[in-house]
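Reading through the structure tokens given below for one structure.
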Amino acid sequence: MPWTTPALPQAVSLVADTYGTSDVLDLSGALIAVPGGRAGRRMKELFVEYAAVKSVRLVPPRITTIGALPESLYESDLPLADGATSSRAWARALKQLDTQSLAGLFPHAPSATDLRGWISLGRQLATLSTTVGAAACTFADASAQCDESMLFDDSARWALLERAHARYADVLADMQRADRDVSRMTALTRNAVACEMDIWLVGLADLPIITRRMLESVAARATTVHVLIHAPDALRDRFDDMGCVIAEHWLNAPIPLADDQITVVEHPSNQATAAVAAINRFADTLAPDDIVIGVPDEEVIPYVAQRLAAAGATARYAGGDPVARTPVYRLLAATADLLRDKSFEALAGFARHPAIGEWLRANRRAIDHPGAARFQQPDSWLADMDSFCCERQPASITDGLTGSGGKGRAVVEALLAAVMSDSLVGSMRGAKPLNEWMPIILEFVLEVFDDGRQSLHGPQDRRLVESCRTLRDAAAAQHRVPNATDDVCDGSAAIRILLDELGTEVIPAEADEAAVELLGWLELHLDDAPVAVLTGMNEPFVPQATNADPFLPNALRTRLGVEDNNRRYARDAYQLTAMLHARTHVHVIAGRRTVLGDPMRPSRLLLATSGQPLARRIKRFLGVSDVVAEATLEPQTAARQQAAASQQETVDEQSAFHLPPQPEIVLAEVPTDLSVTDFPTILADPYAFALGRVLGRDGDEDSGRELDAMRFGSLA
């Protein structure tokens with residue numbers, strides 16, 4: 001498919017022309033594999049649009065991702081183990097190793113009772129097994145590839161991993177489950193790979209070796225495999241028979257990126273400003289869905305969303321919102337801290353969660369303590385709690401509140417009675433098998449959040465409902481793990497194990513046709529918007545690199561056929577080149593520093609040139625003025641450079657957000673009564689003095705870990 005136009009519309013036309021008739025477009029015999037879920041959803045939309053234009057009935061194809069494709073080519077004898085089951089099985093296998101073997105893998109293994117620690121190690125080995133399995137290799141193959149020619153001969157440790165894998169296989173067998181990667185290799189070895197549908201590979205610049213071999217196997221058995229490559233026919237020799245890039249042909253290939261297509265700025269906020277400035281040029285001529293912003297560096301996302309909102313537009317991040325940022329996740333994290341530490345600090349953190357405040361207000365009459373009446377006013381009882389913390393400095397809540405008196409004591413006693421009751425945290429005391437904890441945790445979440453106000457209408461309510469669904473699914477996966485691998489733990493550990501499973505989950509963004517799409521790097525190539533603005537064009541985001549893996553350094557990855565740094569660079573270089581040819585406009589933005597001010601490196605893709613252009617880009621990134629005389633450049637080139645430099649200076653200076661939001665505090669009258677301790681405060685920060693002492697924004701807080709000078713003096 002020539003790259004003069006986007007890839008997906010061309011692929012839809014090719015597939016439709018192959019199967020279509022005059023009155024029906026029957027694609028039921030086609031299995032289409034694309035890199036990711038978003039490309040698959042967009043392809044379905046394009047098929048619907050194609051059928052509507054042709055006025056034919058559509059029988060849709062089966063569309064899958066490349067990661068799930070192998071499971072369409074074979075049938076497993078046993079149910080495949082999901083992620084939770086695999087991690088638990090690995091944890092059990094590791095605990096069965098003798099002390100010496102375990103020390104050879106992990107010198108500092110968890111204690112016997114640290115179930116979360118064991119499952120964490122199990123999850124790490126499950127990921128390692130998947131990575132090695134994608135190359136159609138075993139741990140024994142990795143051991144055989146290690147020798148003294150590498151920086152370090154790690155064959156002994158890989159041999160230990162193979163022993164652990166054998167125990168892992170035994171644990172899965174006892175559970176009547178099968179490992180996905182082993183099942184794939186077994187099906188390939190037994191020649192049990194087959195497919196009755198035509199297979200179409202669309203825009204797949206790289207394939208795992210196991211998937212490639214399975215496709216070669218079905219192709220040898222009369223299954224038609226169509227490979228659609230988004231590139232001109234003249235570059236056919238840069239791709240193999242499965243449409244994957246041949247790395248050596250792309251490592252030194254120049255990328256046709258002009259100097260005026262590059263903007264270099266300092267901070268992520270400046271990147272966002274530059275992105276909005278770039279798309280403003282098309283605001284009057286293009287709809288929002290004709291523009292896409294690439295965000296390989298997720299640190300830039302909130303700044304881009306803020307800048308777009310200030311410009312009157314909305315942003316939709318296709319990657320979704322992390323579950324770890326939702327109220328449900330934060331509530332469970334605070335609960336786990338409280339169960340583990342039983343400190344007043346953890347209690348205060350738990351009580352400050354907005355959902356707990358709402359629960360206390362709604363249930364205040366059922367709490368058997370007179371101080372519960374204060375829960376009617378959130379500001380009042382939180383202030384009382386802070387006052388008690390500052391005056392009494394309680395450390396632990398294990399034995400209640402020691403001593404007597406103290407401002408706010410009644411509120412804190414009522415809070416303890418409510419929080420530690422069986423309705424809330426009290427329900428998670430003691431120790432149980434991990435499986436049994438899951439319904440209890442879900443009941444706790446239901447108790448706190450199910451107040452009848454949630455619906456699917458408001459964005460915050462929808463976010464809460466979706467996060468609860470994700471939590472329910474993760475808890476169900478843990479609950480389904482067979483009892484053969486179950487272990488006893490306390491409530492805090494059970495919650496943390498569940499949160500570990502949720503750590504990488506996201507809530508899909510709600511559809512919004514009026515929003516500008518924000519996409520990750522791997523989704524950009526197959527997006528068909530004519531204008532693309534690519535932020536975060538820095539290492540290590542584009543291309544990604546793996547140099548410090550504890551088990552798989554880059555040299556070993558290359559030997560095994562696992563995706564290595566060269567293959568990643570070649571894939572990204574090809575995809576950027578294709579985007580530059582297929583879109584009407586592409587602008588790339590790189591930053592010099594992170595949010596914390598740490599220096600960053602430019603993406604090597606921006607430096608895929610030579611001679612004076614390369615020198616200019618490096619000096620531009622470093623902020624060094626170009627000493628090359630303009631007379632040595634073509635007039636058009638010099639004009640483009642001047643325009644780009646002018647735009648960059650404008651971008652760096654623009655910001656409508658100022659801190660503090662009130663630059664000056666003007667007092668109605670000058671205070672005439674000042675204490676001696678006010679003077680150092682005024683001298684240190686007059687603004688903070690006026691904000692706190694005069695305007696009354698000063699108050700008790702629970703962040704202190706010792707008595708302040710005033711209270712210590714009173715105590716003495």
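Assorted remarks:
- Among residues of the stretch 391-420, those that are touching a residue at least 40 places away in the same chain (Cβ under 8 Å) and either touching a helix residue (DSSP H, G or I) at 6+ places or on another chain (Cβ under 8 Å) or of a type in the set (Gly, Ala, Ser) (or both), counted: 15
- Residue match in the stretch 145-156 (condition: of a type in the set (A, V, I, L, M, F, W, C), in a helix (DSSP H, G or I) and over 28 Å from residue 221 (Cα atoms)): yes
- Remark: pairs (first residue in the stretch 112-125, within 11 Å of residue 86 (Cα to Cα) and touching a residue at least 60 places away in the same chain (Cβ under 8 Å); second residue of a type in the set (Lys, Arg) and open to solvent by less than 20 Å² (accessible area, probe 1.4 Å); Cβ separation under 9 Å; 6+ apart in sequence or on different chains) = 119/88.
- Residue in the stretch 385-393 that is of a type in the set (Ser, Thr, Tyr), surrounded by fewer than 18 Cβ atoms within 10 Å (Cβ to Cβ) and over 17 Å from residue 448 (Cα atoms) present: no
- Long-range neighbours under 7 Å by Cβ, at least six apart or interchain, first residue loosely packed, with under 10 Cβ neighbours inside 10 Å within the stretch 659-673, second at pLDDT below 80: 667/694
- The stretch 394-414: number of residues that are on the phi < 0 side of the Ramachandran plot and open to solvent by less than 70 Å² (accessible area, probe 1.4 Å): 10
Residue-wise test of (1) in a helix (DSSP H, G or I); (2) closer than 14 Å to residue 587 by Cβ; (3) open to solvent by 70 Å² or more (accessible area, probe 1.4 Å).
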| position | (1), (2), (3) |
| --- | --- |
| 279 | yes, yes, no |
| 299 | yes, no, no |
| 307 | yes, no, no |
| 312 | no, no, yes |
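- Single residue of 173, 194 found to be surrounded by fewer than 19 Cβ atoms within 10 Å (Cβ to Cβ) and in a loop (DSSP other than H, G, I, E, B): 194
- Residue match in the stretch 615-629 (condition: at pLDDT 50 or above, under 24 Å from residue 254 (Cα atoms), assigned to a helix (DSSP H, G or I) and open to solvent by 60 Å² or more (accessible area, probe 1.4 Å)): yes
- Here the stretch 218-229 is the region considered, the condition is being without any contact (Cβ under 8 Å) to a residue 60 or more places away in the chain and in a helix (DSSP H, G or I), and the residue that is nearest to residue 71 (Cα to Cα) is 219.
- If you go through the stretch 596-606 and keep only what is within 26 Å of residue 575 (Cα to Cα) and open to solvent by less than 50 Å² (accessible area, probe 1.4 Å), you end up with 600, 602, 603, 605, 606.
- Meets criteria (within 30 Å of residue 102 (Cα to Cα), hydrophobic (A, V, I, L, M, F, W, C) and part of a helix (DSSP H, G or I)) for residue 187: no
- Among the residues of the stretch 377-390, just one is among the acidic types (Asp, Glu) and touching an Asp or Glu at 6+ places or on another chain (Cβ under 8 Å), namely 386.
- Tallying residues that are closer than 14 Å to residue 214 by Cα and open to solvent by 20 Å² or more (accessible area, probe 1.4 Å) within the stretch 62-73 yields 5.
- Residues in the stretch 474-483 that are assigned to a helix (DSSP H, G or I) and either of a type in the set (A, V, I, L, M) or touching an Asp or Glu at 6+ places or on another chain (Cβ under 9 Å) (or both): 474, 475, 476, 477, 478, 479, 480.
- Within the stretch 508-517, the set of residues being outside any strand (DSSP E or B) and open to solvent by less than 40 Å² (accessible area, probe 1.4 Å) comprises 509 only.
- The test for being under 28 Å from residue 479 (Cα atoms), of a type in the set (Lys, Arg), open to solvent by 40 Å² or more (accessible area, probe 1.4 Å) and touching a residue at least 40 places away in the same chain (Cβ under 8 Å) holds for residue 167.
- Listed by first and then second residue, the pairs linking a residue in the stretch 230-241 that is touching a residue at least 60 places away in the same chain (Cβ under 8 Å) to a residue that is open to solvent by less than 40 Å² (accessible area, probe 1.4 Å), with Cβ atoms under 6 Å apart and 6 or more places separating them unless they lie on different chains, are 230/1; 230/3; 230/7; 230/203; 230/578; 231/3.
Residues checked against (1) within 31 Å of the chain's Cα centre (by Cα); (2) open to solvent by 50 Å² or more (accessible area, probe 1.4 Å); (3) polar (S, T, N, Q); (4) modelled with pLDDT under 95:
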position	(1), (2), (3), (4)
59	no, no, no, yes
81	yes, no, no, yes
85	yes, no, yes, yes
88	yes, no, no, yes
91	yes, no, no, yes
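- Every residue from the stretch 363-375 that is surrounded by 12 or more Cβ atoms within 10 Å (Cβ to Cβ) and under 19 Å from residue 449 (Cα atoms): 363, 364, 367, 375
- Checking each residue in the stretch 555-597 for being within 16 Å of residue 248 (Cβ to Cβ), assigned to a helix (DSSP H, G or I) and of a type outside the set (S, T, N, Q) picks out 567, 568, 569, 570, 571, 572, 573, 574.
- In the stretch 307-358, the residue that is nearest to residue 276 (Cα to Cα) out of those that are among the basic types (Lys, Arg) and within 20 Å of the chain's Cα centre (by Cα) is 316.
- Which numbered condition residue 632 misses (of (1) in contact with a helix residue (DSSP H, G or I) (Cβ under 9 Å, 6 or more places away or on another chain); (2) open to solvent by 70 Å² or more (accessible area, probe 1.4 Å); (3) at pLDDT 90 or above; (4) farther than 24 Å from residue 267 by Cβ): (3)
- Flag for residue 486 being open to solvent by 20 Å² or more (accessible area, probe 1.4 Å), of a type in the set (Asp, Glu), in contact with a strand residue (DSSP E or B) (Cβ under 8 Å, 6 or more places away or on another chain) and at negative phi: yes
- Residues being assigned to a loop (DSSP other than H, G, I, E, B) and either open to solvent by 40 Å² or more (accessible area, probe 1.4 Å) or touching an Asp or Glu at 6+ places or on another chain (Cβ under 9 Å) (or both) - total across the stretch 17-45: 7
- Here residue 690 passes the criteria (1) at pLDDT 80 or above; (2) within 38 Å of the chain's Cα centre (by Cα) except the one numbered (2).
- Consider the stretch 518-554 and keep the residues that are outside any loop (DSSP other than H, G, I, E, B) and either free of Cβ contacts under 8 Å to residues at least 40 places away in the same chain or open to solvent by 40 Å² or more (accessible area, probe 1.4 Å) (or both). The one that is nearest to residue 161 (Cα to Cα) is 554.
The values are calculated or read from the model by the stated rules, or taken from the named source; none is laboratory data. A quick note: this is a predicted structure, and the numbers were derived from the prediction, not measured. Reconstructed Cβ throughout: ideal geometry from the backbone, glycine too, with neighbour counts over all protein chains shown. Note: accessible area is taken over every heavy atom of the protein model, side chains too, but ligands, DNA and RNA are not part of it. Shrake-Rupley method; radii C 1.70, N 1.55, O 1.52, S 1.80 Å.
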